[in-house]
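**Q** Pasting in a structure now, in structure tokens, and then I'll have a few things to ask.
The values are calculated or read from the model by the stated rules, or taken from the named source; none is laboratory data. As the structure is a computational prediction, the values presented were derived from the model and not from experiment. When we count neighbours, we look across all protein chains shown, and the Cβ atoms used for this are built from the backbone with ideal geometry, even at glycine. For accessibility, only protein heavy atoms count, side chains too; no ligands or nucleic acids. Shrake-Rupley method; radii C 1.70, N 1.55, O 1.52, S 1.80 Å.
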Amino acid sequence: MANLNLGFSNEITVKVYDNQGAYNTLQAMMNRKEQLTVKFYGSKENIPCAWIESVHVAGFKYQLKTEAFIGLLNYLYNGEITDFDTNPSETDTWEEDTDFQLAVLKMQIEAGRTIQFVPLFRERPEYISALLPCFKGKVMFRIKRTEDTLNYLRENKQAV
């Protein structure tokens, strides 16, 4: 019987995400003045990320750092196009066990932004969904429904 070598190896290769390509795509979308749909989340590696899509471009992940987060929000709010990420391969990490999406939602509430919440009776029992309309798109939220979160939203006079 012959020994078969199918070319499998025991080496594990870790692919690095092409955040430079994601940034270039985002810049091209902004230069075309596209309306963006953005969802914020934290990756498994505790890296803050944005899921970005538009009518013309399918959704993709963009790993954020503080400057990129601010630059993306400036585009959404004001249509401001700047080269806000000089080194996209560099990212920030987020504190473990912290919900980045919830932190962004709270940041928007505290900034006085108008957020549209899906009525709780229309939503699945374990989630709260919301939409932040912006000049150049929208930010969508889908957070876990907990008593603490509901109390926070009600204390801040959000129509949940």
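**Q** State the extension gain, in nm to one decimal, for the chain segment bounded by Asn78 and Asn31, taking 0.36 nm per residue of separation less the distance between their alpha-carbons. Walk me through the numbers before you get to the answer.
**A** On the way: separation 47, 0.36 × 47 = 16.92 nm, distance 1.35 nm.
My answer for the length gained is 15.6 nm.
**Q** On average, how much accessible surface per residue is there in the chain, in Å², for a 1.4 Å probe, leaving out ligands, DNA and RNA? Intermediate results must be reported in sequence, preceding the final value.
**A** Details: 10260 Å² over 160 residues.
Per-residue value: 64 Å².
**Q** Now a separate question. Let me cross-check Phe135: its accessible surface, 1.4 Å probe, with only protein heavy atoms counted, in Å² to the nearest 10?
**A** The accessible area of Phe135 comes to roughly 130 Å².
**Q** Name the residue, out of Lys136, Lys144, Lys61, whose mean-square fluctuation peaks in a Gaussian network model built on the chain with Cα pairs under 10 Å.
**A** Lys144
**Q** A further question follows. Straight-line reach from Lys15: which lysines have a Cα under 18 Å away, not including same-chain ones fewer than 8 places off?
**A** Answer for Lys15, where 18 Å is the Cα cut-off: Lys44, Lys61, listed by chain and number.
**Q** Carbon and sulfur together cover what percent of the accessible area of the chain at a 1.4 Å probe radius?
**A** Working: 5190 of 10260 Å².
Looking at the chain in its full context, I get 51 percent from C and S.
**Q** Continuing with the same structure: Residues in the range 135-155 near a label at Tyr41, defined as backbone nitrogen under 14 Å from the 7 Å Cα→Cβ point?
**A** Once the point is set 7 Å along Cα→Cβ of Tyr41, 140-144 turn out to lie under 14 Å by backbone N, inside the range 135-155.
**Q** Could you tell me which residue out of Val16, Tyr152, Ile128 lies farthest along the dipole of the chain toward its positive end? Charges go on the beta carbon: Lys and Arg +1, Asp and Glu -1, centred on the Cα centre.
**A** Ile128
**Q** Once the Cα atoms of helix 66-78 and of the chain are each reduced to a long axis, what angle between those two axes, in degrees from 0 to 90 to the nearest 10, is obtained?
**A** 50
**Q** For Rg and Dmax of the Cα atoms in Å, one of (i) 19.2, 76; (ii) 15.0, 42; (iii) 18.5, 62 was computed from the structure I shared and the rest are decoys. Which label?
**A** (i)
**Q** OK, next. How far, in degrees from 0 to 90, does helix 19-31 lean away from the longest principal axis of the Cα atoms of the chain, to the nearest 10?
**A** It is inclined by approximately 50 degrees.
**Q** Next question. I want to check the label-to-label distance for Glu90 and Asp18. Put each point 7 Å from Cα in the C-beta direction and report it in nm to one decimal.
**A** Distance between the two pseudo-spin positions: 2.3 nm.
**Q** How far is helix 100-110 tilted off the main Cα axis of the chain, in degrees rounded to 10, range 0 to 90?
**A** Here the helix axis deviates by roughly 20 degrees.
**Q** Quick one: dipole size for the chain, taken about the Cα centre, charges +1 on Lys/Arg Cβ and -1 on Asp/Glu Cβ, in debye to the nearest 20.
**A** Numbers: 18 positive and 21 negative charges, 167 e Å.
Roughly 800 debye for the chain.
**Q** Under the Karplus relation 6.51 cos²θ - 1.76 cosθ + 1.60, θ = phi - 60°, what is the ordered set of whole-Hz ³J(HN,Hα) values for the range 137-153, x standing for Gly and Pro?
**A** With the stated coefficients, the range 137-153 comes to x, 8, 10, 10, 10, 8, 10, 5, 8, 10, 4, 4, 5, 4, 4, 4, 5 Hz.
**Q** Residues with beta-carbon under 11 Å from that of Gln101, excluding Gln101: net charge, scoring Lys, Arg +1 and Asp, Glu -1? Please report the intermediate quantities before stating the final value.
**A** On the way: positive: Lys39, Lys106, Arg142, Lys144; negative: Asp99.
With Lys, Arg at +1 and Asp, Glu at -1, the net is +3.
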